[in-house]
Amino acid sequence: MTETIILPAANAMTEADIDPTLDLHAEINRLRKERNAVILAHYYQEGEIQDLADFVGDSLDLSRKAAATDADVIVFCGVRFMGEVAKILSPSKLVVIPDADAGCSLEEGCRPEAFRAFREKHPDHIAVTYINCSAEVKALSDVIVTSSNAETIIRQLPADRPILFAPDRHLGAYMQKKTGREMTLWPGSCIIHEQFSEKELVKLKVRHPQALVAAHPECPDTILGHADHVGSTRNILDFVLASEAKEFIIATEQHIIHQMSKAAPDKTFIPAPGADGGCSCSNCPFMALNTLEKIYLCLKNDAPAITVPEDLRLAALKPLERMLEMSRSVPMSGAAVNAA
């Protein structure tokens, strides 16, 4: 698998070198202006990172923002494949991520060599690939989708062509139900959405009979069957803000609740439970690797930086551009934050 991370130099500043009295917010803002940098943050980041960012959104929104920004430096607070997308779309810009180890279980579970063999077994199929994958897997795909635009894109595909869907089998199964299209599904899943417990969710609904359940389509069908609303991260946010209900159970990574609580402080948001009845299962361990200290350091060190070989970049760019073109009808969203 192609390595797309340039690690900090041997003499680079480390966390141990940071003055404990340093005002990290002020220093990050100073470096942001000095470097003409934009800070992009996914909804699954810690609240303090979301509040620091210039723009907060889901995968589709952040892809669009990365393509449109006029900044010289993109600080991508999310996971590695998101930084790769930014670099593929903006090759002349420096793209840095706070932690080189911020990966994704869906990406790790769909290796390029295995995906290539999967495609070769189904040569007549259109490969529709979820954005949660490596640049190499994108390069082997016909079109990329996010949870926000998957239905819109699939409905535009030729009806006489069978579809391969990778790497999330739950999102793929949900899209089959929504669109009526038959698909051959890659057997992958997200470690966070996989851990929600139907039994504990039912118990929680009994304790909160007025609460509406909003779930991400990466959840298993056993969870989606109890949902009042199923949608992408951004779509779930839009749903709870528009609803007249006052209490919600949220079946996705729980840091989206930060934006919900800011926008609707009069409403109650409860993370969906795991098998132990608790909600710790909805914290993504990869997203949690990013911290304010690491954001400061990546701006100081220009690393960890994303690099994508030009031949790979051009191959991965085609299905990403097709995604952006085919999802023009999906409205732009995301929260711009005054981080000055």
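Overview of results
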| read-out | value |
| --- | --- |
| Residues of the range 30-44 that turn out to be in contact (Cβ under 8 Å) with a residue 60 or more places away in the chain and either on the phi > 0 side of the Ramachandran plot or open to solvent by less than 30 Å² (accessible area, probe 1.4 Å) (or both), as a count | 7 |
| Long-range neighbours under 7 Å by Cβ, at least six apart or interchain, first residue surrounded by fewer than 17 Cβ atoms within 10 Å (Cβ to Cβ) within the range 112-129, second not in a loop (DSSP other than H, G, I, E, B) and not hydrophobic (A, V, I, L, M, F, W, C) | His122/Thr184 |
| Any chance Asp101 is over 12 Å from the mean Cα position of the chain (by Cα), closer than 26 Å to Leu140 by Cα, touching a residue at least 12 places away in the same chain (Cβ under 8 Å) and open to solvent by 50 Å² or more (accessible area, probe 1.4 Å) | yes |
| Residue under evaluation Gly274, criteria (1) crowded, with 23+ Cβ neighbours inside 10 Å; (2) out of contact with any Pro (no Cβ under 8 Å at 6 or more places or on another chain); (3) small (Gly, Ala, Ser), criterion not met | (1) |
| All positions within the range 291-320 that are out of contact with any helix residue (DSSP H, G or I) (no Cβ under 6 Å at 6 or more places or on another chain) and either under 17 Å from Ala10 (Cα atoms) or outside any helix (DSSP H, G or I) (or both) | Thr291, Lys294, Leu297, Cys298, Lys300, Asn301, Asp302, Ala303, Pro304, Ala305, Thr307, Pro309 |
| Any pair with Cβ under 6 angstrom, 6 or more apart, that starts in the range 300-311 at a residue that is within 8 Å of Ile97 (Cα to Cα) and ends at one that is assigned to a helix (DSSP H, G or I) | Ile306/Gly83; Ile306/Glu84; Ile306/Lys87 |
| Cys281 vs. criteria in contact with a strand residue (DSSP E or B) (Cβ under 7 Å, 6 or more places away or on another chain) and either β-branched (Val, Ile, Thr) or modelled with pLDDT under 95 (or both) | yes |
| Within the range 141-152, considering residues that are in contact (Cβ under 8 Å) with a residue 40 or more places away in the chain and surrounded by fewer than 22 Cβ atoms within 10 Å (Cβ to Cβ), the one nearest to Glu321 (Cα to Cα) | Asp142 |
| Sole residue being free of Cβ contacts under 8 Å to residues at least 40 places away in the same chain, among the charged types (D, E, K, R) and open to solvent by less than 60 Å² (accessible area, probe 1.4 Å), chosen from Arg234, Arg181, Arg169 | Arg181 |
| Selection from the range 186-202 of residues that are of a type in the set (A, V, I, L, M, F, W, C), assigned to a helix (DSSP H, G or I) and open to solvent by 30 Å² or more (accessible area, probe 1.4 Å) | Val202 |
| Options Ala9, Ala16; residue that is of a type in the set (A, V, I, L, M, F, W, C), open to solvent by 20 Å² or more (accessible area, probe 1.4 Å) and either part of a helix (DSSP H, G or I) or within 26 Å of Tyr130 (Cα to Cα) (or both) | Ala16 |
| Residues located in the range 237-256, provided they are closer than 23 Å to Cys190 by Cα and either in contact with a Pro (Cβ under 7 Å, 6 or more places away or on another chain) or open to solvent by 40 Å² or more (accessible area, probe 1.4 Å) (or both) | Asp238, Phe239, Ile250, Gln254 |
| In the range 84-98, residue nearest to Arg64 (Cα to Cα) [restricted to those that are open to solvent by 30 Å² or more (accessible area, probe 1.4 Å) and touching a residue at least 60 places away in the same chain (Cβ under 8 Å)] | Leu89 |
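The values are calculated or read from the model by the stated rules, or taken from the named source; none is laboratory data. Note that this is a predicted model, so its numbers are computed, not measured. FYI the Cβ positions are ideal-geometry reconstructions off the backbone, even for glycines, and counts take in every protein chain you see. All accessible areas refer to the heavy atoms of the entire protein, side chains included, with ligands and DNA or RNA removed. Shrake-Rupley method; radii C 1.70, N 1.55, O 1.52, S 1.80 Å.
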